[in-house]
Amino acid sequence: MQIFMDSASVKMIRDAVQHGLIDGVTTNPSLIAKEGADFREVVEEICRIVPGPVSVEVVGKTYEEMMAEGREIAKIADNVVVKIPMLKQGLRAVRDLSSEGIRVNVTLVFSATQGLLAAKAGATFVSPFIGRLDDYAHVGMDVVRDLVAIYRTYNLAAQVLAASIRHPRHVVEAALVGAHVVTVPPPVLEQLVKHPLTDVGLERFLADWQKVPQGIFGLPR
Ligand code: G3P
């Protein structure tokens, strides 16, 4: 399963890439707005830092606007993926952008029927929003599970990208049901790395090591 970072923070993305933690990035208009910087500059910088796919969302709501914005966004870098909202006119744009060779991520997916249509339209990634479904007492992960099964049954090329991830358990569940990608916000990415028993264990090992007179192969202690 690939792990993407759901963020537009150049600083946090750079750190995650340096540590080899992420395979790609997803952004959305809210995340870009939070950075308060020039849209194009931020996106260009993120695309330079990240070796894998970087999703950038259109904000137009008509087919024509989505096509025009999608084509412009796609010119920014080879690793850009255009994010299109799950609307009827959006599906048309997904089909036509995909046929031009532009990779598309269909966002704001909340049901398996939406995800099926997005895949049939030619999406490269389809993003069900897990946390936001959970907020309404649905089981968001069911949509991920259904889509993984449907795409496998019908040999659809789309990848299920589990989004709106709120905690590490979501990541584990997404992996167990076979999501191709999970996109996590920076605090959750930190949580994936850490475990308190690791910290306690390391402290104990290092305290015990003080009782050993030599350093390791002459390296300074
Ligand atoms: O980027 C799309 C999605 O991951 C947003 O998540 O936390 O705003 O529901 P959230």
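Throughout, read-outs are computed from the coordinates displayed, never taken from laboratory work. Just so it is clear, the structure is predicted and the values come from calculations on it, not from any experiment. When we count neighbours, we look across all protein chains shown, and the Cβ atoms used for this are built from the backbone with ideal geometry, even at glycine.
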Modelled label reach - E72, point 7 Å along Cα→Cβ, region 24-57 residues with backbone N closer than 17 Å: 28-30, 32-33, 37-45, 56-57
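Which value, in debye to the nearest 20, describes the size of the charge dipole of the chain about its Cα centre when Lys and Arg Cβ atoms bear +1, Asp and Glu Cβ atoms bear -1, and nothing else is charged?
On the way: 23 positive and 25 negative charges, 74 e Å.
Rounded to the nearest 20 debye, it is 360 debye.
Convex hull over the alpha-carbon atoms of region 2-212: what's its volume per residue in Å³? Working shown, then result.
Numbers: hull volume 29.4 nm³, N = 211.
Per-residue hull volume (Cα only) is 140 Å³.
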Specify the inter-centroid distance of region 50-104 and region 142-214, based on alpha-carbon positions, in whole Å. 28
Helix 112-121: inclination vs the chain longest Cα principal axis, degrees, rounded to 10, gives 70
Based on DSSP H runs of at least 4 residues, each adding -39500 (n - 2.57), what is the mean residue ellipticity at 222 nm of the chain after dividing by all its residues, to the nearest 500 deg cm²/dmol? -15000 deg cm²/dmol
Where a Cα-Cα gap under 16 Å defines reach, which aspartates and glutamates qualify for K88, not counting those fewer than 8 residues away within the same chain? E64, E65, D96
Considering amide H positions built from the backbone, and no H for Pro or chain starts, which residues 5 or more places from K83, or on another chain, come under 5 Å of its amide H? V56, E57, V58, N105
Listed residues L206, L116, L21, most fluctuating in the chain (Gaussian network, C-alpha, under 10 Å): L206
Pop a pseudo-label 7 angstrom from the Cα along the beta-carbon direction at both E45 and D134 and give the gap in nm to one decimal. 3.1
Highest mean first, what order results for 117-124, 154-161 on Cβ atoms within 10 Å? 117-124, 154-161
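Run the numbers on the chain and let me know its relative contact order in percent, using alpha-carbon pairs under 8 Å that are six or more apart. Could you put the intermediate results ahead of the total?
On the way: 376 pairs, mean separation 36.1, N = 221.
Answer for the chain is 16 percent.
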Restricting to lysines and to Cα separations under 28 Å from K34, and discarding same-chain partners fewer than 8 apart, the set is K11, K61, K75, K83, K194
Taking amide H atoms as placed 1.01 Å from N in the peptide plane, list the residues 5 or more away in sequence, or in a different chain, whose amide H sits under 5 Å from that of Q159. F125, V126
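Just flag the chymotrypsin sites (Phe, Trp or Tyr not before Pro) in region 1-65 sitting in loop per DSSP whose Cβ has no more than 13 other Cβ atoms within 10 Å.
Here no loop site has a sparse enough neighbourhood.
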What length, rounded to one decimal in nm, is gained on full extension from K11 through to A149, with 0.36 nm per residue of separation minus their alpha-carbon distance? 46.0 nm
Compute the long axis of helix 88-99 from its Cα atoms, compare it with the longest principal axis of the Cα atoms of the chain, and write down the angle in degrees, 0 to 90, nearest 10. 80
So who's got an amide H within less than 5 Å of the one on G122, skipping anything under 5 residues away but keeping other chains? H placed 1.01 Å off N, in plane. none
